[in-house]
1. Among (1) part of a loop (DSSP other than H, G, I, E, B); (2) within 30 Å of residue A:162 (Cβ to Cβ); (3) touching a residue at least 24 places away in the same chain (Cβ under 8 Å), there is one condition residue A:249 misses while meeting the rest; what is its number?
2. Which residue is farthest from the chain's Cα centre (by Cα), if the candidates are limited to the stretch B:265-288 and must be within 8 Å of chain A (Cβ to nearest Cβ) and buried (at least 21 other Cβ atoms within 10 Å of the Cβ)?
3. Do you know which residues across the stretch A:87-124 are within 14 Å of chain B (Cβ to nearest Cβ), touching a strand residue (DSSP E or B) at 6+ places or on another chain (Cβ under 9 Å), touching a residue at least 60 places away in the same chain (Cβ under 8 Å) and assigned to a loop (DSSP other than H, G, I, E, B)?
4. What single numbered condition from (1) within 14 Å of chain A (Cβ to nearest Cβ); (2) in contact with a strand residue (DSSP E or B) (Cβ under 7 Å, 6 or more places away or on another chain); (3) farther than 30 Å from residue A:477 by Cα fails to hold for residue B:299?
5. Sort out which residues of the stretch A:392-411 are closer than 16 Å to residue A:342 by Cβ and part of a loop (DSSP other than H, G, I, E, B), and write them in order of number.
6. Picking from B:72, B:38, which residue would you name as being part of a strand (DSSP E or B) and under 27 Å from residue B:170 (Cα atoms)?
7. Filter the stretch A:282-296 down to residues that are in contact with a helix residue (DSSP H, G or I) (Cβ under 7 Å, 6 or more places away or on another chain) and in a loop (DSSP other than H, G, I, E, B), then give me how many there are.
8. Those residues that are surrounded by fewer than 19 Cβ atoms within 10 Å (Cβ to Cβ) and at the interface with chain A (Cβ under 8 Å from one of its Cβ atoms), I need them from the stretch B:225-240; list them, please.
């Protein structure tokens, strides 16, 4: 039906006077946008296939290419905008659920951008991180309620297992399958180099990566893919995934065509079969069931590993977190509605969940009100975009943050949000060998290390400016934040004053 | 709100302030007149701005040494009546009186200032299932948070805090400190940056027999406050001293940690220093920093902590505030400036600047290091 035709969103602007017909763009595009017309010695492009991933632009040796937004338009309508109209056409053509990738891109408030950080002047000196020690090391895990002493009066180390992070940032869960072997290798090696952790997601752990176990968090999700005893024992911590910010309340689906070779082996399911994670854990229908799973996993690993419970930020998050804090979990990871995904139903991703800033602030406050904040550490994710976001999250009350989209960007992702197609030209969200090999783990790992090293420098500068020389003195230190353009309710939930107050 | 009634803004906004501190301690427990510490503060006049001064003396009430001495500010007679009803219910009052003062033109607008020597009401204490100290703490917090116009500013045994809005030397004259004798004194002059000053906001800040005088502005304030409030404390003044006092009380009284361990938590060594220690010590320091991470205090501070039978001087881990310590015979002195020490004792056996985070703890001869 002609109604299904959609004029491409992007156009490829090729400067023909610069183009040398090297055909790199043609070879690099897995979407087959570019082609060479031999008879006339010119390049053609089929914009309808373009996802705007900039692979061709980045590799064009003469800078002959750019992608521009199409100026083709519908009649202006503040209610029925272009996306709304197109989605109707798509669904009336296919009868299917719309799928999207990466985090919610819609125009909801970004509270990070409405909070400002303090600095010392006169009454209290700022501290220069180039001249004085500036500490960003954190421990995650439950803290003891009481000290204990041995017969000789010395303190007994009665701490339960903890995670030690050289800086308060970790790579959050992305499964082997949703991202490539080389992407996983980059994350694992970077974590080891940085003294932090990456997370397997629900895809099991490739046998090649057991060597990075000390810097690995192994995930147990509702499908239980790839979970076995050695897997649980391989990691430094175990994460129970109850939910994900991009798709709270629903499960996951890795299509059969991606379940090939090592992925099938790692997930422990036959090649070509769909990997469907149920929406709930079918052994967890209530909080007391969660407690059982927490302790089952602890039993299985002789109480040597902290257990993380990851939940999506939803309306009632404070009460949910309070329940988790009493479930025996050591760490709660909260994933905000901007969190990324390899594929999620568009309607869910764009309409379900709440911002991480508000969720984090209300959870931290609730746990303190109940006197149980020390039972657990809090990790905030979805989405942390830079070091200032990290500092603001910690000042609101997080012990550490999770990043994933930022890490993928460091590996080359251009946020074209087409992961679900499996044709990632950057070798990240794909299993096609010719694409995967484009991501060189030697370079990928280095870029991740660079990114977080840079952030750590910036975190130290911001801390020094506030006169704080250790990250634990920033945790929950909300006096260091002020809001701009926020209403009373928002300020109240964030627990901060307005700028100028 | 109490604080508004007392003509101040304290407790509604956070007020940074610079300061002067001084302390003296006799290891042999010999009695020293309060005049000595007042004189020490006089030479540091410029470190205060007249918006707060105060002192704490230990061993000053030997005749009532087993009773809690409550020092209370009242806005007016009706606040006093209201609060006394509560005090009568919670405690057996053995003695009560106005705290004697000497009028001076430099100290004005004084509230009603009363002193009660009390013991917890036996039956009430039994019913509460609390130990004596905790019972008193809760009663004090109750008065300070829910009785308008009443404020308990000292609640220890055989010790007392005396404070006012004014320069410290004038506060000393006002409270007739020359008529008291004790084995330990601490003094404080305040330089708040943006408040008319409120009597309760002056230092020392006391809780039971702990008193703290402090010079600095801690950058970890809200992290510390929000943590300590989980354990039944209520920070009503929003001052550093208040939160530091609660932290010390929590760590020593509730967690039974020693003062050295308290110093290892609130002015913890840097990780790089901890790494260089022998394994056992490394594990101990790592444990304390990890288990009590939210009680690390950053930013500049120098504090003198007084307690029954002892005194601790401590600087922040970077030593961002001056503090010198000296000895002469059985006497130990500490002050923001050497001049103040020389005022108390011109000829010293030894004088030094303790390192950042390195506590100097002195106790009565034969006394243990631990406060309790």
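The values are calculated or read from the model by the stated rules, or taken from the named source; none is laboratory data. Worth saying up front: this structure is predicted, and the values here are computed from it rather than measured. Glycine gets a Cβ as well: all are built from the backbone with ideal geometry, and neighbour counts include every protein chain shown.
1. Among (1) part of a loop (DSSP other than H, G, I, E, B); (2) within 30 Å of residue A:162 (Cβ to Cβ); (3) touching a residue at least 24 places away in the same chain (Cβ under 8 Å), residue A:249 violates only (2).
2. Ranking the qualifying residues of the stretch B:265-288, first place goes to B:288.
3. Listed by number, the residues that qualify are A:118, A:124.
4. Only one criterion in (1) within 14 Å of chain A (Cβ to nearest Cβ); (2) in contact with a strand residue (DSSP E or B) (Cβ under 7 Å, 6 or more places away or on another chain); (3) farther than 30 Å from residue A:477 by Cα is unmet by residue B:299, namely (3).
5. A:404
6. B:72
7. 2
8. Scanning the stretch B:225-240 gives B:229, B:230, B:231.
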